[in-house]
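Structure first, commentary second.
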Amino acid sequence: MDYGRLGLQLRHARECARMTQLEAATQLGITGAALSQYESGKRRIDALTLERLSRLYGVPLTFFFREEIARPAWEEALRAKTDTLSIRGKAGIGRLIERVRDLEYLYRVTGTPFPGMSHPPFEPLHHQGFSEHEVFEWAEKARRHFDVGHAPLPDVRSFLERQGYHVFMVPLGQQREDLSGLFFIHPELGPIVAVNEDHHIARRPFTLAHELAHGLFHYDRPAILCRSSDQDPLERFADRFASHFLVPTEALHEWLRDRRIQKAERPEEVVHLARYFGVSYLMMLRRLREVQGLGVPEEQLRSVKPVALAKSLGYPVAPYEFGDQPLPLEERVPRIYLDLAYRGALEGQISVSRAAELLGVSDIELEERLEQLAEAQAAPATEALEIYA
């Protein structure tokens, strides 16, 4: 093996990922000197470290052993905007790129037609200085387009996926410069959204609705990386759109009227509202303040533990809402990603080991999942036979 050439490819992959030697070495748990020796070809590198580097940089293993191939425009657009991210944020972008490539592979290996990009329902908005009322009108137009009226959207992720978005949860860091989410258009897969897995799960609906705003009105841009600290007009528009889209003012007033509540004064009322609209407690407080729906100072309603209170009120609460457990696989990748991996393994288009690798689970866990899936698919047929027996 030509370790000198391999070292050049290692360095090239790191630079494409916008990482310094120290940043990459820190993520790997090795010294910067060791990585420098790998890149100079002076030190032999083992297969496990190569695999870890490919994941960290978001490149396939074959990248290290072949002539350079031009990266697609969507990848260039993402990598070009990562310079200011933390080490974890840069690694998260690499992980997302790897996941998107894996999804491309699953579509191809199963012979599933790529969805592409559907015709946008709205013209892109180039003007950015919209008034609050204008943003409200755009949110209303979007709800009319999707034919959801003023009904709550308790599962925004599933809603987006029904509209053709591929939604990934990716760890992107918790520092101020790190991202809350991002949006870009893939030429074959269509709109891609990533949400920061390191942020509390309660923030996810707002981030998803924020990215939806970009998908509806800013799709002419190559990629949009979003930080909650950004005051860019584009980001402010998406923030205001998300608030109006998730909690329509008319629906909020109607909820209060139906319960004969003039203004919310108790944390329990805010929790009921937050659970009804599928948003976080803090976002619900903000919306109530915006519509003059608070009967006491906002500070009096902040010193509560919303998840624990929701559980005490009888709402089902998942363990990961407390931050005690990692997100389940079903929450981290698009539904189609799971379906194609399962199908590929069941139909023999990929091995169980390969499917397990793509899903990030053990072979044993995947086999159990496939058995449960087969049983669930067989159950309706069995029930039908019993009916006609």
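The values are calculated or read from the model by the stated rules, or taken from the named source; none is laboratory data. What you are looking at is a predicted structure, and each value in this text was computed from that prediction instead of being measured. Quick reminder, even Gly has a Cβ in these numbers, built from the backbone with ideal geometry, and neighbours come from all protein chains shown.
Worth pointing out:
- Residues located in the range 328-367, provided they are in contact with an Asp or Glu (Cβ under 6 Å, 6 or more places away or on another chain) and small (Gly, Ala, Ser): Ser353, Ala356
- Number of residues in the range 160-169 that are crowded, with 19+ Cβ neighbours inside 10 Å and either modelled with pLDDT under 95 or not aliphatic (A, V, I, L, M) (or both): the value is 3.
- Within the set Leu212, Leu189, the sole residue that is in the same structural domain as His127 (by the TED database), within 17 Å of the chain's Cα centre (by Cα) and surrounded by 24 or more Cβ atoms within 10 Å (Cβ to Cβ) turns out to be Leu212.
- Just so you know, in the range 174-184 the residues that are crowded, with 21+ Cβ neighbours inside 10 Å and not aromatic (Phe, Trp, Tyr) include one that is farthest from the chain's Cα centre (by Cα), and it is Asp178.
- For the residues Arg14, Arg18, the requirement of being in contact with a Phe, Trp or Tyr (Cβ under 9 Å, 6 or more places away or on another chain), in contact (Cβ under 8 Å) with a residue 40 or more places away in the chain and not assigned by the TED database to the domain that holds Arg227 singles out Arg14.
- Some residue of the range 314-324 being part of a loop (DSSP other than H, G, I, E, B) and over 28 Å from Phe245 (Cβ atoms): yes
- Verdict on Phe146 being at pLDDT 95 or above, surrounded by 13 or more Cβ atoms within 10 Å (Cβ to Cβ), among the aromatic types (Phe, Trp, Tyr) and touching a helix residue (DSSP H, G or I) at 6+ places or on another chain (Cβ under 9 Å): yes
- The residues in the range 278-313 that are closer than 21 Å to Ile261 by Cα and part of a loop (DSSP other than H, G, I, E, B) can be counted, and the count is 12.
- A single entry from Gly32, Gly58 fulfils the requirement of being on the phi > 0 side of the Ramachandran plot and not hydrophobic (A, V, I, L, M, F, W, C): Gly58.
- Hits in the range 221-248 - residues which are in a loop (DSSP other than H, G, I, E, B) and closer than 19 Å to Val167 by Cα: Arg221, Pro222, Arg227, Ser228
So that you can scan it fast, the table gives a plain yes or no per residue for (1) more than 23 Å from the chain's Cα centre (by Cα); (2) surrounded by fewer than 16 Cβ atoms within 10 Å (Cβ to Cβ); (3) more than 20 Å from Val167 (Cα to Cα); (4) modelled with pLDDT under 95:
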| site | (1), (2), (3), (4) |
| --- | --- |
| Gly293 | yes, no, yes, yes |
| Gln300 | yes, yes, yes, yes |
| Ala308 | yes, yes, yes, yes |
| Phe322 | no, yes, yes, yes |
| Pro326 | no, yes, no, yes |
| Gly344 | yes, no, yes, no |
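- Filtered residue count, the range 325-364, keeping only those that are farther than 18 Å from Pro171 by Cβ and outside any helix (DSSP H, G or I): 6
- Considering only residues in the range 229-249 that are touching a residue at least 60 places away in the same chain (Cβ under 8 Å) and farther than 16 Å from Leu273 by Cα, the one that is surrounded by the fewest Cβ atoms within 10 Å (Cβ to Cβ) turns out to be Pro233.
- Of the set (1) of a type outside the set (A, V, I, L, M); (2) under 30 Å from Glu132 (Cα atoms); (3) touching a helix residue (DSSP H, G or I) at 6+ places or on another chain (Cβ under 7 Å), all apply to Arg260 but (3).
- Yes/no for Tyr337 being over 26 Å from Ile192 (Cα atoms) and surrounded by 13 or more Cβ atoms within 10 Å (Cβ to Cβ): no
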